[in-house]
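Asks: I have a structure I would like to understand better, so I am pasting it below and will then ask my questions one at a time.
Taken together, the values in this text are just the output of simple stated rules run on the coordinates, not laboratory data. These numbers were taken from a predicted model, which means no experiment stands behind them. Glycine also receives a Cβ, built like all others from the backbone with ideal geometry; neighbour counts cover every protein chain displayed.
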């Protein structure tokens, strides 16, 4: 790890001001990706601005038809939250499946979606539910927010403060865990929302994406059978020592069918 | 049973556990040294390259840096040797080609992770900063990372002293007899397998520290180890110093699996730095550093042929074996993958004709050292997969084929055609026990039920025999003494890394002396006790040092009787001993061990014995269920019936079998070291890519014993430390083959990852 200074701001506004004034400073929420990367000397920062402990970012509330989760809410908080469990049980399940207990106590939803790891779980939930990402400057629709491999719509120094999830009629999330890391080798979130069926896939390719053919088929008939033989463009899927492109495509299909079964209860 | 039956104990917590799980262990990195400096290593980031130049000036000038060492230093210091324990001439008349290896790559790097330079600094951080300032200019050379391809004509040459990349070639058995038997056979089964390259990953990362006593020209090396004697012998050899100039210190060691036994370049490097700089120097590897540079295990490509007559009896076996040694030799690397398979070429079967050829080769990969089983799981994997393929080809029940060919209890001692004499064991009995425990007969119904659920179910059996306990040193010694409080202290140079010696060895002594185990303490690797004895490895410790503990306990009682007799002015034969108290039968006077120990001469003795190999055996049965949609496998049942001779502590035996079986699960289902063919880079360089087995992968295991005590040691014990691994790799792979065979999937190799299994099913046309 290279040397850096640790900064603990008292508010989001203070954090944003500090980041604006220090171009080499980095925002840290749970630090579950950033810290290991820094330990390996693959990342460097002049300052770490730690917003994870900020109380204003930790709340989880139901606001009418929406579930609003503060960006510094930990995975453990989300998986155990009665509010989440009542509104979107599939999201609580998603949080429960991230990493291990240590990671779930530290890692946060805001950190996860700001990092946008192509195999992370939360991007599937946020995109699959058609959520809105709230920052200290603006609101960004999930469809615009995720822009591929570790890339988002966030600007320089822009801080995610919350994620606003419209509560769906029903939803399901099933992932195939990577044998070494537990990240999604393929994870599929299926939601029946007020604005139609949404299917989001994580882990298979360069970033979370919506599977349009599956959405159309499930809109007609919400059953695993509706997915049989559907087109799935796997050309952008990753291929590595753990899984081939074809195998990832197969996992997408199987996880999608299992997510539909879960949605159906 | 041996003459001394042990006092039965209820399973109890291991004696060392309280200390270890409450953070009171003393591991190498727990030690601190006044004035210590920290070492970090620059390692090769390429598979094969000439070192054109190394510039260290900038690094040396960095703040907090005390020194930067390279091959210029280590070669000048004569730290250039590698110990090789195999001296046997091969069939080409040549002993093993053992290339020199300086503590730092000298002129050429030969694998990713090889030590190139070392920075010694006030802190690890300062050292890492300086590492980035070292400039190395390389000229890339073509590389080869596959053992088989290394033998190809025109393959890149790794060592000028090893033409054709051949390290050693040997043959065993009677080729003509095998050829004749093959020609006459009713059935011949052929199969090529690979016992995959895996990376033993003990929980404690590799680390060491050194101090140098200039006044006495003496080194003190603190290190993870499997035994201080073996390490001292090897490191002194590698460093070019007499053994008397080196003391090894170690207390607790967190896992080994074989790769904490050999000497490493880092040992010499920290010693050299400590001497050069006149300060203690310590190093602790990171996980990624260890994955790349710890010696790897297995990596054997084996082609096998089994001949069977019309009655289903094995008539001949032949193996052609390529043992990938990596870029350099390790002390026991060649022997474990060539000699152990020769010893066990017969498996548990009567096979009249046998022949094998072994070629050890160099590749641009991390060197290979013995890994839990050391060639025995590999040869067993080959034989047992051949047997199952034969059963399938003959349409026979694999259990019946084994019943027909296994050596029966009445046929021991059994001498194999390659000259091994197996000691008595009851494999057919273990098989019958295992078959009942696994409900072998009920399998077809379970398979049908699984099929109805859309799942593929398979069952696989493996029988095995191992030669365990072969030592490097001629005998094992144990010191034993009683202190003034009556505590019995035993000293041994076997070294536990998780085996529970403090539990078993003290129990052995307590049993021998009729005292409570709470009154016995074990000290291993105590530097003040210069004992002859072997390290912990090859499932040896209980057989060797453990059985000598019994002798030591019995001998100490005799010594105490003599002392008591002198005290009471009588003959030792007149003294009764019971539970630490000695009584003169005539006068009725009595004394205690503690009282005798308080005499000026104290109460102590030393015991020793020379102990050869024991032959544990077993029959393991695995049952698996594969989800054909994802290729994932669940191990639904596992049965292990072992002959471990006399078991001192059943809890420890179970722990060894559990651990061994799960380590086999790792190799069978997930672990594999992968080097990229094109770049020679290690693709599994962290736990993000190198998949370790998880406890949950084996939810249920049934263990039973079918023990015939060994006759070669006073306890009747046979080694059990590696049996789990040897049995499970074969049993689980056979279960996988059994599950996939009905689909027409050709025999596939480890690792049975979900991706590979799904592709194999898809290639065979999917579910039928």
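Asks: Run the numbers for residue B:767 and residue B:573: contour at 0.36 nm per residue of separation, minus the present Cα-Cα distance, in nm.
Replies: 62.1 nm
Asks: Let me ask something else about it. If the viscosity is 0.692 mPa s and the temperature 37 °C, what Stokes-Einstein diffusion coefficient in µm²/s follows for the stretch A:170-264 when Rh is the Kirkwood radius over Cα pairs?
Replies: 251
Asks: Please give the residues of the stretch B:271-297, grouped as numeric ranges, whose backbone N is less than 13 Å from a label point set 7 Å along the Cα-to-Cβ vector of residue B:34.
Replies: Of the residues in the stretch B:271-297, B:280 have backbone N under 13 Å from the label point off residue B:34.
Asks: Ok, one more. With the contact rule set at Cα under 8 Å and sequence spacing of 6 or more, what percent relative contact order holds for chain B?
Replies: 15
Asks: Mind sorting B:581, B:517, B:679 by how few other Cβ atoms lie within 10 Å of their own Cβ, fewest first?
Replies: Going from sparsest to densest Cβ surroundings: B:679, B:581, B:517.
Asks: What ranking do B:230-241, B:274-285 get when scored by the average of other Cβ atoms within 10 Å per residue, highest first?
Replies: B:230-241, B:274-285
Asks: Right, here's the next one. What number, rounded to the nearest 500 deg cm²/dmol, is the helix-based mean residue ellipticity at 222 nm of chain B, given -39500 (n - 2.57) per DSSP H run of at least four residues and division by all its residues?
Replies: Counting only the DSSP helices, I get -8000 deg cm²/dmol.
Asks: Which FRET efficiency value, to the nearest 0.05, is calculated for residue A:223 and residue B:683 with the Förster distance at 45 angstrom and r the Cβ-Cβ distance?
Replies: Efficiency for this residue pair is about 0.65.
Asks: Using R₀ = 35 Å, calculate the FRET efficiency as 1/(1 + (r/R₀)^6) where r is the Cβ-Cβ separation of residue A:150 and residue B:20; round to 0.05.
Replies: The calculated FRET efficiency here is 0.30.
Asks: Continuing with the same structure: Mind jotting down the distance between the C-alpha centroids of the stretch B:386-462 and the stretch A:22-47, whole Å?
Replies: Spelled out, the Cα-based centre of one part sits 56 Å from the other.
Asks: Gain in length, residue B:393 to residue B:218, computed as 0.36 nm per residue apart minus the alpha-carbon separation, to one decimal in nm?
Replies: Fully extending the segment from residue B:393 to residue B:218 adds 56.6 nm.
Asks: How many nm separate the modelled label positions at residue A:6 and residue A:195, each set 7 Å beyond the Cα in the direction of the Cβ?
Replies: My value for the distance between the label points is 4.1 nm.
Asks: If you don't mind, there's one more thing I want to ask. For residue B:123 and residue B:287 in one chain, what is 0.36 nm times their gap in residues minus the Cα-Cα distance, to one decimal in nm?
Replies: So the chain would gain 57.2 nm between residue B:123 and residue B:287.
Asks: For chain B, what percent of Cα pairs sit more than 43 Å apart?
Replies: 30
Asks: Treat each spin label as a single point 7 Å out from the Cα along the C-beta direction, and report the residue B:91 to residue A:39 distance in nm.
Replies: Simple spin-label model gives 5.0 nm for this pair.
Asks: Treat each spin label as a single point 7 Å out from the Cα along the C-beta direction, and report the residue B:53 to residue A:169 distance in nm.
Replies: Placing both labels 7 Å beyond Cα along the Cβ direction yields 7.3 nm.
Asks: Can you show me the helix-derived [θ] at 222 nm for chain A, built from DSSP H runs with n ≥ 4 at -39,500 (n - 2.57) apiece and divided by the number of residues, rounded to the nearest 500.
Replies: Calculated from helices alone, the mean residue ellipticity at 222 nm is -9000 deg cm²/dmol.
Asks: Hull surface divided by four, with the convex hull built on the Cα atoms of the protein assembly as shown: how many nm²?
Replies: Across all orientations, the protein assembly as shown yields a mean hull projection of 46.1 nm².
Asks: Determine the shielding of peptide A:179-186 by partner chains: average, over its residues, the number of Cβ atoms on other chains within 10 angstrom of each Cβ.
Replies: Other-chain Cβ atoms within 10 Å of each residue's Cβ, averaged: 4.
Asks: Please order B:547, B:53 by the number of other Cβ within 10 Å, starting at the fewest.
Replies: Result, fewest neighbours first: B:53, B:547.
Asks: Return the FRET efficiency for the residue pair residue B:566, residue B:485: r is the Cβ-Cβ distance, R0 is 25 Å, and the value is rounded to the nearest 0.05.
Replies: For residue B:566 and residue B:485, the calculated efficiency is 0.70.
Asks: Taking beta carbons within 10 Å but only from partner chains, what does the mean come to for residues B:668-674?
Replies: So the per-residue partner count for this stretch is 1.
Asks: Let me confirm one metric for peptide A:239-245, namely the mean number of other chain beta-carbon atoms within 10 Å of its residues' beta-carbons.
Replies: Other-chain Cβ atoms within 10 Å of each residue's Cβ, averaged: 5.
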